[in-house]
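First the structure, in the form of structure tokens, and then the observations on it.
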Amino acid sequence: MDKLIVEGGIALRGTVRISGAKNAALPLIAATLLAPGRHRLGNVPNLRDTRTFLKLMENLGVRHERQEDVLIIDSTNLRSAEAPYDLVKTMRASVLVLGPLLARMGKAKVSLPGGCAIGARPINFHITGLEKLGATCRLEHGYVDAEIDGRLQGDTVYFDIPTVTGTENLLMAAVLAEGTTILKNAAREPEIANLIDMLTGMGARIEGRNTDRLTIHGVDVLRPADCDIIPDRIEAGTYLIAIAATGGEGTVTHCNPAHLPSLLEKLRLAGLIVDEGESTISVRWPQAKPRALKSVDIKTMPFPGYPTDLQAQFMALMALSADICVITETIFENRFMHVAELQRMGAGIRIDGHSCVINGHGMNGLSGAQVMATDLRASSSLVIAGLAASGRTEISRIYHLERGYENLVEKLTGLGARVWKEQE
Ligand code: EPZ
């Protein structure tokens, strides 16, 4: 296994181009199952997770080819409706084939994803929603075996929690159902709007884009898609925080500032100057030499609240602040795996249930250390801490990072960082 070496103490400067969003690419690739023919998806990031998802799609009979950041996907001849355990266990987003397979083939056999580092992450809302549309779902031998005799029937589905992939699964099931489906308390993340735009382009009839109430009028058939993936707001946020944490100045390009409303406000509250362009965001310090970073509380919430996927990264930044703040995680029950590693680098953090109290030790408060990545976003917070720390940081198990950050070493090096990979 590889490890990442980070030489800290260098202020990041310059521009970095943001890739397509992992959490949009996965549902949009799944949605190509809904219509036979050749689909075109643009701005598709080349990540471990998108490669894994395409392996799953090959299992189902789908053919695909990549032309730079364009994916051509042909789902004409599906030969299976099964997502096997050995693939699903490495990537829980595989559950996203459940809805489209049921809609297209009337059946789907998907391994239950099992546990995950950040929480139990059940899929009960996906299952009860599909059952509401008439599917029978049997849970046995670690699989959910779903089928429908004939077509799914439109109905009203209420989500106790605005589940992102649950909303996506139900959207993809409802577009080919008989009659109208209403999704209540649906997720409103930008990736949902991206999926809605793709489905609408395929001939689906969906109302309520960007709201928590989606109305889907089922149609009989859909045509192949031609759609671009939106920019990755979590990647963009990660680089903005890294630039701020190193006392630097930089711009993320090919992004959408409207997708990061809460992070940009929190960076401004921390004392940084954040400028928004059409498709760029710049961050810099108000004075040449960064002085004190203000301590700012965050509480993760569904969009447009502060994103849970940027919680660990912001915690690394707050470890450098001048005072005390509280970070509360309301989405997942175990998303503080990065705390113990940050503490090894000198961060003053105390876990108190679903909250952490961060006692900032100032801009020179972190020192490099050997640390271990535990999940995708926790590992990016260790990179940020390593970039800001004095001395060298070695991060092991960086396959977690490669799941969600395209060309991380090249992009950071382009900002002046001294980072490289070594064999463990
Ligand atoms: C999506 O996961 C993202 N993944 C996650 O990003 C992100 O953290 C999460 O949404 C929240 O924004 C993808 O889009 C592929 P949820 P998802 O269903 O859909 C509970 C990353 O780092 N819940 O919105 O799985 C669940 O346990 C990843 O890129 C149920 O109880 O999240 C959690 O506590 C990590 N039953 C909460 O709801 C269900 O049936 C929100 O989960 C579904 C969810």
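The values are calculated or read from the model by the stated rules, or taken from the named source; none is laboratory data. Quantities reported herein were computed from a predicted structural model and do not represent experimental measurements. Glycine also receives a Cβ, built like all others from the backbone with ideal geometry; neighbour counts cover every protein chain displayed.
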Quiz item: Would you say N256 is farther than 30 Å from H361 by Cα, polar (S, T, N, Q) and within 16 Å of the ligand (Cβ to nearest atom)?
Solution: no
Exercise. Starting from segment 386-408, keep only residues that are touching a residue at least 12 places away in the same chain (Cβ under 8 Å), then list their pairs with residues that are assigned to a strand (DSSP E or B) and of a type in the set (D, E) whose Cβ atoms are within a distance under 6 Å, requiring at least 6 positions of separation or different chains.
Key: R392/E7; I398/D2
Exercise. Please specify each residue of segment 53-87 satisfying the condition of being assigned to a strand (DSSP E or B), buried (at least 21 other Cβ atoms within 10 Å of the Cβ) and out of contact with any Lys or Arg (no Cβ under 8 Å at 6 or more places or on another chain).
Key: none
Practice problem: Scan segment 310-363 for residues that are within 23 Å of the chain's Cα centre (by Cα), at pLDDT 95 or above and of a type in the set (S, T, N, Q) and jot them down. | Solution: Q311, Q313, T328, T330, S355
Quiz item: Mind checking which residues of segment 140-182 are within 22 Å of the chain's Cα centre (by Cα) and of a type in the set (S, T, Y)?
Solution: T163, T165, T167
Quiz item: Which residues, counting only those in segment 9-61, are hydrophobic (A, V, I, L, M, F, W, C) and either more than 15 Å from L96 (Cα to Cα) or in contact with a His (Cβ under 6 Å, 6 or more places away or on another chain) (or both)?
Solution: I10, A11, L12, V16, I18, A21, A35, L41, V44, L47, L54
Quiz item: Failed condition for T181, given (1) within 23 Å of K107 (Cβ to Cβ); (2) within 16 Å of the ligand (Cβ to nearest atom); (3) of a type in the set (S, T, Y), with all others met?
Solution: (2)
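Here is a yes/no grid of residues against (1) in the same structural domain as H338 (by TED's automatic domain parsing); (2) in contact with a Cys (Cβ under 7 Å, 6 or more places away or on another chain); (3) not in a strand (DSSP E or B):
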{"residue": "P113", "(1), (2), (3)": "no, no, yes"}
{"residue": "P122", "(1), (2), (3)": "no, no, yes"}
{"residue": "I127", "(1), (2), (3)": "no, yes, yes"}
{"residue": "R138", "(1), (2), (3)": "no, no, no"}
{"residue": "A146", "(1), (2), (3)": "no, yes, no"}
{"residue": "T167", "(1), (2), (3)": "no, no, yes"}
{"residue": "L170", "(1), (2), (3)": "no, no, yes"}
Quiz item: So which of M345, M337 ends up being closer than 23 Å to L408 by Cα and crowded, with 21+ Cβ neighbours inside 10 Å?
Solution: M345
